[in-house]
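Below is one structure, written out as structure tokens; comments come after it.
The values are calculated or read from the model by the stated rules, or taken from the named source; none is laboratory data. This one's a predicted model, so the numbers in the text were calculated from it and none came from an experiment. Note that each Cβ is placed from the backbone with ideal geometry, even for glycine, and that neighbours are counted across all protein chains shown.
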Amino acid sequence: MIDSLKRKFDEVDQRIVAWMSNYGLKILRISLGIIFFWFGILKFFPHLSPAQQLATTTISRLTCDVVTPQTSLLILACWETLIGIGLIFGFWMRFIIFLLLLQMLGTITPLLLFPAQTFTHVPYAPTLEGQYIIKNIVLISAALTLGATVRKSS
């Protein structure tokens, strides 16, 4: 009886693992794409994105105020939307992952440039904005995982 249950469990487990193996990366790619598309689209509409102020302030600081907040928001909106579309449909993956990782470098800079805004106690107690930035570690990991499969899907 126990052997029969163990065999049944193993069969079910193998099916589940096979399903995850077949669809996991595709679901990861599409879900990451949805996040970027969604957040990018929000930036086309002033004051809808909770990250708008921090993003435009960061870009202004990084460009020594050469890029205006309106321009930086439009560029960021286009950039994130393009990343989202590329991930959702799975095209230009090398280029899209490059854009994603480059964008992630920009999103991390507020932790260094504006610690008073991103931490209540530097470096261990992030504000809500700081948490929003730190969670990008997962997005970076997802991009690296997808990047490791680019040659297989070419």
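A few points about this structure:
- Helices (runs of 4 or more DSSP H) within region 40-154 that include 1 or more residues farther than 21 Å from Leu28 by Cα: 52-62, 69-89, 93-113, 115-118, 128-134
- Inside region 86-109, residues that are more than 20 Å from Arg151 (Cα to Cα) and touching a residue at least 24 places away in the same chain (Cβ under 8 Å) make up a count of 6.
- The C-beta contact set for region 110-123 (first residue of a type outside the set (S, T, N, Q), second residue part of a strand (DSSP E or B) and surrounded by 15 or more Cβ atoms within 10 Å (Cβ to Cβ), distance under 9 angstrom, 6+ apart or interchain) comprises Leu111/Phe119; Leu111/Pro126; Phe119/Pro126.
- Scanning region 122-142 for residues that are small (Gly, Ala, Ser) and surrounded by fewer than 14 Cβ atoms within 10 Å (Cβ to Cβ) gives Ala125, Ser141.
Condition check ((1) at pLDDT 95 or above; (2) surrounded by 14 or more Cβ atoms within 10 Å (Cβ to Cβ); (3) at positive phi) across all residues:
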residue: Pro69; (1), (2), (3): no, yes, no
residue: Phe89; (1), (2), (3): yes, no, no
residue: Leu100; (1), (2), (3): yes, yes, no
residue: Gln103; (1), (2), (3): yes, yes, no
residue: Thr109; (1), (2), (3): yes, yes, no
residue: Thr120; (1), (2), (3): yes, no, no
residue: Leu144; (1), (2), (3): yes, no, no
